[in-house]
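Peer 1: Take this structure, written in structure tokens, and hold onto it; I'll ask about it next.
The values are calculated or read from the model by the stated rules, or taken from the named source; none is laboratory data. Keep in mind it's a predicted model, so treat the numbers as computed, not measured. Don't worry about glycine lacking a Cβ; one is built from the backbone with ideal geometry, like all the others, and counts go over all protein chains shown.
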Amino acid sequence: MKVCYLTNAHSINSQMMAESFVKLGHEVYIITYMSYVANNNNKIHIYEKKVSKSVRHIWYWYQWAGLFSIDRLIREIKPDIVHGHFISNIGLNMALAVGYPKALSVYGSDVYVAPGSRIYKTVVKIALKTADLVHVGDRATGRLVTTLGCSEEKIVVLPWGVDTDLFSPNAKSEDIKKPYSESPIIINIRGYRDKYDVKTYIKSIPLVLKAVPEAKFMLIGWGEKSEYVALAKKLKIENNIKFIGPLEQADLAKYLAMADIYVDTCPISGGFGLGAQQAMSCGMPLIVADLPGYDEAIKAGYTGYIYKKRDPESLAEKTIILASDDKKRILFGKRCRTFAENVADRYKNMAELERYFQMLTEGTLKIDEKHRLCSKWIDDAFN
């Protein structure tokens with residue numbers, strides 16, 4: 001099967017899906033406005049459409065840039081299926097692509113965090129309406145797209161998933177853990193961007209240290225650190241937190257497997273996030289904000305805790321519960337690993353998506369009951 005992706009190739013999810021489909025034996029083409037810097041696979045054919053930096057962050061022009069040239073390129077590729085990722089980037093392109101079966105993957109943030117213009121909302125609705133299959137990573141996102149006019153009959157619920165062999169408790173690095181051997185380690189991998197509200201994470205640290213003075217914290221990811229380092233110094237906790245830049249996936253797995261508690265402070269829902277799935281796969285309990293999507297994977301008092309978003313005191317309260325109880329952390333972590341194996345195994349999930357793509361190209365699409373919005377298969381994964 002020849003699959004043509006329209007996507008932002010910087011997206012880890014897009015990269016992993018493309019690589020998964022190559023492993024499944026398919027011919028993969030990616031059309032992107034952004035360079036695919038991680039591409040070391042000569043079986044993935046990349047077509048980068050240049051967009052001027054002056055308009056790259058202006059949604060209206062970003063959508064129109066290269067619109068018709070991309071349509072011509074799709075016709076040259078002659079794919080068996082066109083698969084669009086992230087509506088805010090490719091909505092118009094998907095609407096224009098006719099004559100091919102079309103699948104659309106909705107990330108969550110592209111519909112939860114959407115520009116308010118009528119033009120944007122119209123494009124989103126047209127893209128959803130003209131897609132033959134709409135893939136979502138969790139039921140909360142699926143329910144939201146139905147409010148935008150998407151028929152529930154064509155929605156398939158499949159978490160993006162992770163490599164459960166790479167992101168595993170066995171990835172633990174003793175060299176990384178050694179300096180913190182007597183301390184519970186709390187980790188956040190949202191990086192250094194205000195939209196992820198990592199300041200709430202930093203502000204919670206002094207409160208946690210009052211109850212668990214030996215606790216250590218890590219913040220990992222992209223962005224400029226200086227503002228966050230300054231905040232840590234102001235709070236006099238600079239010796240309790242380590243600021244780390246972006247890591248390759250293999251190294252990230254080592255840090256996650258070594259840590260004890262995963263915290264996600266994102267205050268705006270993008271569904272059941274990739275970082276949370278990676279942490280669960282490494283056998284780590286989670287503390288997440290009270291957002292749609294996470295409540296499907298996090299059962300309070302069973303696999304982790306949910307705190308009130310943007311509230312350092314609420315976050316500290318939940319962190320203290322886990323940081324001060326080794327047995328509870330270990331038990332919750334084992335349950336998280338079981339959940340990841342049952343629900344968030346990337347290769348199993350992509351094989352299921354491949355099956356739906358094949359049915360779509362044959363005109364025989366029928367979504368299994370367990371992958372529908374009404375299904376309880378995610379709930380059953382805890383058992």
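Peer 1: Sort through LYS309, LYS366 and tell me the only one that's within 30 Å of ASP80 (Cβ to Cβ), in a loop (DSSP other than H, G, I, E, B) and not small (Gly, Ala, Ser).
Peer 2: Working: LYS309 fails: within 30 Å of ASP80 (Cβ to Cβ).
Sole residue among the options that is within 30 Å of ASP80 (Cβ to Cβ), in a loop (DSSP other than H, G, I, E, B) and not small (Gly, Ala, Ser): LYS366.
Peer 1: Please list, ordered by first then second residue, the pairs with beta carbon atoms under 9 Å, 6 or more apart or interchain, first in region 70-91 and more than 13 Å from ASN8 (Cβ to Cβ), second β-branched (Val, Ile, Thr) and modelled with pLDDT under 85.
Peer 2: ILE70/ILE90; ASP71/VAL98
Peer 1: Would you call TYR62 modelled with pLDDT under 80 and surrounded by fewer than 21 Cβ atoms within 10 Å (Cβ to Cβ)? Outline the logic, then answer.
Peer 2: Values: modelled with pLDDT under 80: yes; surrounded by fewer than 21 Cβ atoms within 10 Å (Cβ to Cβ): yes.
Taking the combined requirement at face value, the residue satisfies it.
Peer 1: Let me ask something additional. Within the set of pairs 6 or more residues apart or between chains, which connect a residue that is under 13 Å from LYS318 (Cα atoms) inside region 200-217 to a residue that is in a strand (DSSP E or B) and of a type outside the set (Phe, Trp, Tyr) with Cβ atoms less than 8 Å apart?
Peer 2: TYR201/ASN188; TYR201/LEU219; TYR201/VAL263; ILE205/ILE241; VAL208/ILE186
Peer 1: Need the failing condition index for GLU296 against (1) under 18 Å from GLY137 (Cα atoms); (2) not in a helix (DSSP H, G or I), just the number.
Peer 2: (2)
Peer 1: Would a scan of region 321-335 turn up a residue that is assigned to a helix (DSSP H, G or I), of a type in the set (A, V, I, L, M) and closer than 25 Å to LYS370 by Cα?
Peer 2: Going through region 321-335, the residues assigned to a helix (DSSP H, G or I) turn out to be 321-323, 326-335.
Remaining after also requiring of a type in the set (A, V, I, L, M): 321-323, 330-331.
From what is left, the residues that are closer than 25 Å to LYS370 by Cα are none.
No: region 321-335 contains no residue that is assigned to a helix (DSSP H, G or I), of a type in the set (A, V, I, L, M) and closer than 25 Å to LYS370 by Cα.
Peer 1: Output the residues belonging to region 177-196 that are modelled with pLDDT of 90 or more and either under 19 Å from ARG329 (Cβ atoms) or touching a Lys or Arg at 6+ places or on another chain (Cβ under 6 Å) (or both). Steps first, please.
Peer 2: Here is the first cut: in region 177-196, the residues modelled with pLDDT of 90 or more are 183-194, 196.
Of everything in region 177-196, those that are modelled with pLDDT of 90 or more and either under 19 Å from ARG329 (Cβ atoms) or touching a Lys or Arg at 6+ places or on another chain (Cβ under 6 Å) (or both) turn out to be SER183, PRO184, ILE185, ILE186, ILE187, ASN188, ILE189, TYR192, TYR196.
Peer 1: Out of region 227-258, which residues are among the acidic types (Asp, Glu) and either within 24 Å of PRO169 (Cβ to Cβ) or part of a strand (DSSP E or B) (or both)?
Peer 2: So in region 227-258, the residues among the acidic types (Asp, Glu) come out as 227, 238, 248, 251.
The answer is GLU248, ASP251.
Peer 1: With a cut-off of at least 1 residues that are β-branched (Val, Ile, Thr) and within 26 Å of GLU362 (Cβ to Cβ), name the helices (runs of 4 or more DSSP H) lying wholly within region 82-199. Steps first, answer last, please.
Peer 2: Working: elements: 87-96, 109-112, 118-130, 139-146, 174-177.
Result: 87-96, 118-130, 139-146.
For (1) crowded, with 21+ Cβ neighbours inside 10 Å; (2) of a type outside the set (Ser, Thr, Tyr); (3) within 21 Å of the chain's Cα centre (by Cα); (4) closer than 22 Å to ASP345 by Cα, each residue gets a yes or a no:
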residue: CYS266; (1), (2), (3), (4): yes, yes, yes, no
residue: SER314; (1), (2), (3), (4): no, no, no, no
residue: THR319; (1), (2), (3), (4): yes, no, no, no
residue: ALA323; (1), (2), (3), (4): yes, yes, no, no
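Peer 1: Considering only residues that are β-branched (Val, Ile, Thr) and buried (at least 20 other Cβ atoms within 10 Å of the Cβ), which ones fall in region 139-184? Before the answer, list the steps.
Peer 2: Applying the first criterion (β-branched (Val, Ile, Thr)) to region 139-184 yields 141, 145-147, 155-157, 162, 164, 176.
Within region 139-184, THR141, VAL145, ILE155, VAL156, VAL157, VAL162, THR164 qualify.
Peer 1: When you scan region 269-283, how many residues do you find that are within 18 Å of VAL198 (Cβ to Cβ) and either assigned to a loop (DSSP other than H, G, I, E, B) or not aliphatic (A, V, I, L, M) (or both)?
Peer 2: Count: 5.
Peer 1: Can you tell me which residues in region 7-30 are outside any loop (DSSP other than H, G, I, E, B) and either charged (D, E, K, R) or modelled with pLDDT of 90 or more (or both)? Step through it out loud before you land on a result.
Peer 2: First, the residues of region 7-30 that are outside any loop (DSSP other than H, G, I, E, B): 12-23, 27-30.
Of everything in region 7-30, those that are outside any loop (DSSP other than H, G, I, E, B) and either charged (D, E, K, R) or modelled with pLDDT of 90 or more (or both) turn out to be MET17, ALA18, GLU19, SER20, PHE21, VAL22, LYS23, GLU27, VAL28, TYR29, ILE30.
Peer 1: Considering only region 284-301, state which residues are in contact with a Ser or Thr (Cβ under 8 Å, 6 or more places away or on another chain) and modelled with pLDDT of 95 or more.
Peer 2: Of everything in region 284-301, those that are in contact with a Ser or Thr (Cβ under 8 Å, 6 or more places away or on another chain) and modelled with pLDDT of 95 or more turn out to be PRO285, LEU286, ILE287.
Peer 1: Just the residues that are within 18 Å of VAL198 (Cβ to Cβ), touching a helix residue (DSSP H, G or I) at 6+ places or on another chain (Cβ under 6 Å) and among the polar types (S, T, N, Q), please, taken from region 293-341.
Peer 2: Matches in region 293-341: THR319 only.
Peer 1: Quick one: ARG337 ticks every box in (1) closer than 23 Å to SER204 by Cα; (2) in contact (Cβ under 8 Å) with a residue 12 or more places away in the chain bar one, so which box is it?
Peer 2: (1)
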